[in-house]
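Some notes on the structure that comes next.
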Amino acid sequence: MTRWDHLPDLASRRLGGGVVAANDELFAAADHLVLDEPPSFSARTFGPKGQVYDGWETRRRREPGHDHAIVRLGAPGIVRGIVVDTSFFTGNYPPYASVEGCCVDGHPSPSELSDWFPLVPRSPLAGDSRNEFVVSDVEHRVTHVRLSIYPDGGVARLRVHGEVVPDPRLLPAVIDLAAMEHGGQVVACSNLFYGPPHQLIAPGLARVMGEGWETARRRDDANDWVVVKLAAPGRVRLAELDTSHFKGNAPGAAGLRGLDARTADVEHAAAWTELLPRTRLQPDTRHRFPLADGPEVTHVRMDIYPDGGMARLRLWGALTEDARTALSTTWSRATPPPPTPPSADQGQMHVL
């Protein structure tokens, strides 16, 4: 795991990411780039245009130039790492790729995107591989990325890992403080044997058990737990502990504790304040618990007893004025000045 691999994939379809333009996708649609599922391959599966690939594949170029696709991020933010995944592309992967970003307010069309800045310079790629690139010198908020491949070929997935920077103007008074799309992060957990804990704070309802967090069966007297860093400090008023799809493997009980990391150490057990006492849970159920008027917290720890699986964790609460001001400051610092008018068309593209 890289140092940024724990951060959300800002381009993920689950978060609302989408491919908005591509100059060529004759063999395979660029929409595959942002699918959440790992790429797959079935040998000798032929369609009208040849072997079917789970990725984006362009035709062989017979003239100068290169191919590109533009992705609207589902959750704009600061990019820390990029994966150009060429899984199963062996004799048809691009030898080089680059990635640029831009930040445009509102809901622009592809032709309105401009002021692109580099995230990954033109770099060599390996075939059938996760090509990982650290983005370390860009602190701008990014709303769109442009993947360029040189000169042509196939890419299975594009992962854009980073820190979500929400637009505070779009946040209501009460939000899910834990939500990934608002900037919540899972920062620690006891076990992730069957399912990664970051899925707890993903958007929407889990469709199957595999879209939640599940631990191995414990054979001791301890219990499993997960710690969420909230999108912003706040007071949690309603907790939703969703065990949907977990029937014979839901936790028997769970509890919540909170801590304000601005004044306390997350490693100090006595600093945590109880938000929800140990409470019995039912299998395959969306549990909702109103919480007493507790303290302002930055982190919440959920303990499950003794082990098992949870589909989603929602922590609804009100943003304090100080928290909203801090979010506004972060957003302002990370947002570049408004873009200049777009230059001449850089080449024909298919708007999706």
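Readers should treat all values here as calculations from the given coordinates under stated rules, not as data from a laboratory. What you are looking at is a predicted structure, and each value in this text was computed from that prediction instead of being measured. Note that we place each Cβ from the backbone using ideal geometry, even for glycine, and neighbour counts take in every protein chain shown.
Calculated from the structure at hand, Cα extents along the principal axes in Å is found among (1) 87, 38, 35; (2) 105, 74, 32; (3) 67, 49, 29 as (3). With the convex hull drawn over the C-alpha atoms of the stretch 18-165, the volume per residue is 111 Å³. For the pair residue 105 and residue 329, a Förster radius of 22 Å applied to the C-beta separation gives a FRET efficiency near 0.80, rounded to the nearest 0.05. Spacing of the modelled spin labels on residue 222 and residue 52, each 7 Å from Cα toward Cβ, amounts to 4.6 nm. Pair-distance distribution P(r) for the stretch 170-332, from all Cα-Cα distances in 5 Å bins starting at 0: 2, 10, 19, 23, 21, 14, 8, 3, 1, 0 percent. Considering the stretch 144-264 at the alpha-carbon level, its Rg and Dmax are found to be 17.8, 58 Å. When the chain is treated as a Gaussian network with alpha carbon springs shorter than 10 Å, the biggest mean-square fluctuation among 119, 291, 200 belongs to 291. Once the Cα atoms are used to define both axes, helix 321-334 deviates from the longest principal axis of the chain by about 20 degrees.
Centre-to-centre separation between the Cα atoms of the stretch 75-91 and those of the stretch 99-115: 19 Å. Residues whose amide H falls under 5 Å from that of residue 142, counting only those 5 or more places apart or on a different chain, are 77, 78, 79, with hydrogens built in the peptide plane.
Using 1/(1 + (r/R0)^6) with R0 = 22 angstrom and r between the beta carbons of residue 320 and residue 288, what's the FRET efficiency to the nearest 0.05? Once rounded, the FRET efficiency stands at 0.45. The alpha carbon centroids of the stretch 139-198 and the stretch 273-334 are separated by 19 Å.
Overall shape of the stretch 116-168 was characterised from the C-alpha gyration tensor. The equivalent ellipsoid obtained from it has semi-axes of 23, 12, 11 Å, in decreasing order. Shown here: the stretch 170-223, whose C-alpha atoms stretch 46, 24, 14 Å along the first, second and third principal axes, sorted largest to smallest. Residue by residue, the stretch 17-27 carries 3J(HN,Hα) couplings of x, x, 7, 9, 6, 7, 7, 7, 8, 4, 8 Hz when phi is fed to the Karplus relation 6.51 cos²θ - 1.76 cosθ + 1.60 (θ = phi - 60°); x denotes Gly or Pro.
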